[in-house]
1. With every protein chain kept in place and ligands, DNA and RNA left out, what is the accessible area per residue of chain A? Probe 1.4 Å, answer in Å².
2. What nm value, rounded to one decimal, do you get for the distance between A:PHE70 and B:THR250 when each label is placed 7 Å out toward the C-beta?
3. Taking the simple approach of a point 7 Å from Cα along Cα-to-Cβ for both A:THR93 and A:THR57, what is their distance in nm?
4. Accessible area per residue, 1.4 Å probe, Å², for chain B: what's the number?
5. Using Cα centres only, tell me the gap between region B:232-248 and region A:129-175 in whole Å.
6. Semi-axes, largest first, in whole Å: what does sqrt of 5 times each Cα gyration tensor eigenvalue give for the protein assembly as shown?
7. For region A:156-201, just say rounded, prolate or oblate: build the C-alpha gyration tensor, square-root its eigenvalues into a ≥ b ≥ c, call rounded for a/c under 1.5, and beyond that prolate if a/b exceeds b/c, oblate if not.
8. Below 15 angstrom from the Cβ of A:ALA284, what's the summed charge of the other residues (Lys, Arg +1; Asp, Glu -1)?
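The values are calculated or read from the model by the stated rules, or taken from the named source; none is laboratory data. As the structure is a prediction and not an experimental result, all values here were calculated from the model. Using ideal geometry, Cβ is built from the backbone for each residue, glycine included, and neighbour counts are taken over all protein chains shown. The area values use the complete protein model at the heavy-atom level, side chains included, leaving out ligands, DNA and RNA. Shrake-Rupley method; radii C 1.70, N 1.55, O 1.52, S 1.80 Å.
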Amino acid sequence: MRGDSLRGYLFVSPWVVGFLFLTAGPMAYSLYLSFTSSSMFSPPRWVGLENYRSILTEDPLTWKSLWNTFFYTVFSVPLCVALALALALLLDTRVRFMRAFRTVFFVPSVTNVVAVSVLWLWVFHPEAGLLNTVLGRFGIEGPLWLQSEVWAKPALVLMSLWGVGGMMVIFLAALQSVPRELHEAALIDGASATRRFFSITLPMISPALLFNLIVGMIGALQVFTQAFVMTGSVQPGSEGGPNNATLFFVLYLYKKAFQEFRMGYASALAWVLFVLIVGLTVLALRVAKRRVFYLGGEER
Amino acid sequence: MSGSTAGEGTVVRRLARIALTYVALVSLSCVFLLPVAWMLSSSLHDAASVFEQPFRWVPIPPRWETYARAVTVFPFGRSLLNTLAVAVPYTVGMVVSSALVAYGFARLRFPARDFLFSVCLATMMLPGQVTMIPLYMLFSRLGWVDTFLPLIIPGFFGSPFSIFLLRQFFLTIPTDCDEAALLDGAGRLRVFWSVVLPQAKPALVTVALFAFIGSWNDFFGPLIYLNSPERATLTLGLNMMKTQIVGAGTVEWNTLMAASLLVMLPNVILFFAAQKHFIRGIAAGSFVS
């Protein structure tokens, strides 16, 4: 048996080594760095809570980037979840060509974000872009989108809807595991479609809903590539859109770390984000626990 | 679905609902496909005619030479080779290491196993920003900046997603064959390699696919680690090309669209070749919770 234990540790050792040297160690070091003033080229100097103080009370761009990130998350995630659920419900009605439809909705989400960003950069072109061309057909004069301080974030939210395929597949899998008998029994009892949706479907897929919301939220809080590719102009360092309208938190962090090389400050930013993500996830799970329990109690 | 006692009213209502479902699906499909159609059409225009109003959806004659220009402005061949030079070893490392670890978690008994596995799962949601800066410093201390190593080597330590997916799959494989082989005197490694792995092919393909696509689509890694243009991967190269073209006054949107389409194409092909693995992998990921 002792041999078995040793073999067990040997088998899992790649992950353990990776965890120690690529996750836990760097995390600890990054926490240490966040209390220092450190550039790439000089040894870290201990400054205590100075970085955090500066981030929270002095630096206007932290709050700006936090606000941008919240705006994006608050609009993008619920809209994506709603669209994904709607698409999954449509596909779950045993339509013909279901696979073809599923492919159309899913493929954009597995393509390359940089290529997708370049495409949407052109879609959002104020004069010749697809979006304003289509809006023009309806007599609407479209905004400047990415070049407008007001419309740059909504543009990125709109673009995020194109990538709901992954969420949709998760909903579809959950929907297909809802026992048919439940719906049949409800039909016999004369329940309307709306009633069946809220009393059977929604409770049964609530774990998938929770998963999509949380994973969507974590992803949205870390939004980076779209903003970097689409709102950076030609000079490096100018990413962030008109008047920093699309300076998202991770983009700001990237600039501090890899353009200004302020590694201590950037590490503190990373820990602010980490605490934020963990806090919001725990909060979401708390709220959901009551909800899922309540709904679960009803269907049981 | 509805009972056999359904009256005429319900039949009409059902037909109406089916018709509405199709109308909704077809119109939503059009909305999803429109940007791609427009991209394709733009790529076959010349640099000036993409701006013409109204837009000609079918450019006559189609300018295929845009693609020739795209692959020269953006050194497509070299970037493709660079991407493969990263993605292939990364994927191999990921599959092998994750399978070993998953086998350990699924089949062997050792102290703190379940604790370690839950730690492994917990790291799945960890935002990469908290490790990114020390890792950059580590890799730069090792002299790995501007090489492919920082993008490849982390793959050799497994990822929580792959380990989880493979472990779940290994648990569904009956242990009878393992035990028979062990009684015959085969070592654990041999059982793993010649008994368990051949039965786990579908899960291995799913893991390989996700590792490959993840590496292929990665932008942040190449952005911080690769400086020389000749080492740029496809994503980095495409972004550099965008910067260069947008900075050059008259923007050649046709060339940009051709290049973006070329970068997207392999993903689409891979999706069609391995559709069920994609669907399974994504669904499996959501069962973690």
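1. Accessible surface, normalised per residue, equals 47 Å².
2. 4.7
3. So the label points at A:THR93 and A:THR57 sit 5.9 nm apart.
4. 46
5. If we compute the Cα centre of each part, the gap is 23 Å.
6. The answer is 37, 36, 25 Å, longest axis first.
7. It is oblate, given that a/c is not under 1.5 and a/b is not larger than b/c.
8. My count for the surroundings of A:ALA284 gives +4.
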